[in-house]
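The values are calculated or read from the model by the stated rules, or taken from the named source; none is laboratory data. Since the model is a prediction, treat every value here as computed from it, not as a measurement. Note that each Cβ is placed from the backbone with ideal geometry, even for glycine, and that neighbours are counted across all protein chains shown. Calculation scope for accessible area: heavy atoms of the full protein, side chains included, ligands and nucleic acids excluded. Shrake-Rupley method; radii C 1.70, N 1.55, O 1.52, S 1.80 Å.
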Amino acid sequence: MGVNGIGAGYPAWRDNADFASAGKAHRNGSGTGFAGRMADADVAGSSSSERNSVRMAGQTSVLDAYRASAASGVRNAKPAYDTYESENYRIVPDNEAGCFDIYNKQGERLGAFDYSDTKIRQDSQTGKQFLISEHGTMSYDALVLGGELRDALQNVMGVETLETEELSGFTLNTHPGTGIQYLVRDGEEGRGGKVLLQSGADRERYEALAETYFNKYPNLIHDKNAAYIWADLEIKGLAQHTKDGIVSMGFNGMSYNDNADYKNNWSVLFSENTYKAVFDRLQNNRSSIEEMQKFATWQDVFNNIGSRYDRIWSDEEEKQGYLNN
């Protein structure tokens, strides 16, 4: 079964690298002229010896420059890998960009992985191995690295084994509702992550969650793509579907959107320090999830943890001069 890593976004709240060429040798020759006639053989001999030294030094500099240029060429040579297919994966190298595009057998693109990032990162707690390529803030691709994909990468790169290092800078979490795991870069909690579909059962649970969003909230979700995005967000702890609508959250705020009556909607902004308490509340109180759509529930949470928050007023609420809930 193909392994998939899904999205890295979060609810909105109101590469090719350029390499400087190295190793260019610049040689500036400065000649010394002798004026006048040489008075004796010693001066002539000395002059001859000096000319020989200059000539030898010049030859040495040319040789050094050649060696430096050759070494630079070796260092800057780009790998040239070929497309490789296994039973469940297709690896397509982009030798100019220096990365692999990896697809599963259904033709879904699983991510782009820099050649330099093509190594095993092993979680010390679970023993699971990952392939991760970081592309910048809140942007990274990640896959669970099984035996088939590992062997395929070793074959395409022409190596016996991939480099292995301990997983660091990322945390592996499990969504309590579906049991699906996701990977989050440390320091980016509340900003995204990568959902890891590791089996047919994972994919079925992910599809079922997307169907729930699509079928339950027709006034909020109008196509399947949006439903998959919301399923992805819920697995990463950035959303929660309730009886009547959707609670969404990020590192600096949260909101509720009601499927039937927009007057039940609400939004708040809070500090990043509040996010963890809100996240824990959502994950650890799933039996009372229906209460989560009521702002009064969260008002009590904010008061209990001593957190400040700011309500966001809708245009209608500003015109009428009071909040709907």
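Structural remarks
- Filter pass, residue 245 being out of contact with any Pro (no Cβ under 9 Å at 6 or more places or on another chain), open to solvent by less than 40 Å² (accessible area, probe 1.4 Å) and small (Gly, Ala, Ser): yes
- Residues in the stretch 264-301 that are closer than 23 Å to residue 227 by Cα, assigned to a helix (DSSP H, G or I) and at pLDDT 90 or above: 264, 293.
- The stretch 218-241 residues that are farther than 18 Å from residue 196 by Cα and open to solvent by 10 Å² or more (accessible area, probe 1.4 Å), paired with ones that are acidic (Asp, Glu) and not in a helix (DSSP H, G or I) (beta carbon under 9 Å, 6 or more apart): 219/258; 220/258
- For the stretch 99-111, taking the residues that are open to solvent by 20 Å² or more (accessible area, probe 1.4 Å) and more than 16 Å from the chain's Cα centre (by Cα), the one that is nearest to residue 250 (Cα to Cα) is identified as 108.
- Of the strands (runs of 3 or more DSSP E) lying entirely inside the stretch 112-186, the ones with 3 or more residues being closer than 20 Å to residue 250 by Cα and open to solvent by 40 Å² or more (accessible area, probe 1.4 Å) are found at 170-174.
- The condition of being of a type in the set (D, E, K, R), in contact with a strand residue (DSSP E or B) (Cβ under 6 Å, 6 or more places away or on another chain) and within 19 Å of residue 228 (Cα to Cα) holds for only one of 109, 191, that being 109.
- The stretch 195-205 - residue that is open to solvent by less than 50 Å² (accessible area, probe 1.4 Å), more than 13 Å from residue 174 (Cα to Cα) and part of a helix (DSSP H, G or I) and, of those, modelled with the lowest pLDDT: 200
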